[in-house]
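We did not get these values from a lab; they are worked out from the coordinates using the rules stated. Everything numeric here is computed off the predicted structure, so don't read it as measured data. Quick reminder, even Gly has a Cβ in these numbers, built from the backbone with ideal geometry, and neighbours come from all protein chains shown.
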Amino acid sequence: MFILKIQGTKKIPDFIQIRDENFTLIAYFKITNPKTALTRCNLLHRMEDILRIANGMDYGKIQRLEMEPTFD
């Protein structure tokens, strides 16, 4: 999986995208409100790791995430 950090504007907040190996969108959420999106894609248990990585990233960069979603 991959994580991308997208810079917002004055009216639009910063967003995070999580994409799979085929670059299909898995989750898209405001960096200030990740809980709902991460719950939907079964990554809520990794929220702290994802936010730590995202906060340390530069805008517009792609980084590989070494974790897989768990589907019920």
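In degrees, nearest 10, range 0 to 90: what is the angle between the Cα axis of helix 47-56 and the longest Cα principal axis of the chain? In the chain, helix 47-56 runs at an angle near 40 degrees to the longest axis.
Placing unit charges on the Cβ atoms only, positive for Lys and Arg and negative for Asp and Glu, gives the chain a dipole magnitude near 440 debye about its Cα centre.
Residues whose amide H lies under 5 Å from that of Asp14, counting only those 5 or more places away or on a different chain, are Gly8, Ile31; hydrogens are built 1.01 Å from N in the peptide plane.
Shape of the chain from the C-alpha gyration tensor: prolate (a/c of 1.5 or more and a/b above b/c, with a ≥ b ≥ c the square roots of its eigenvalues).
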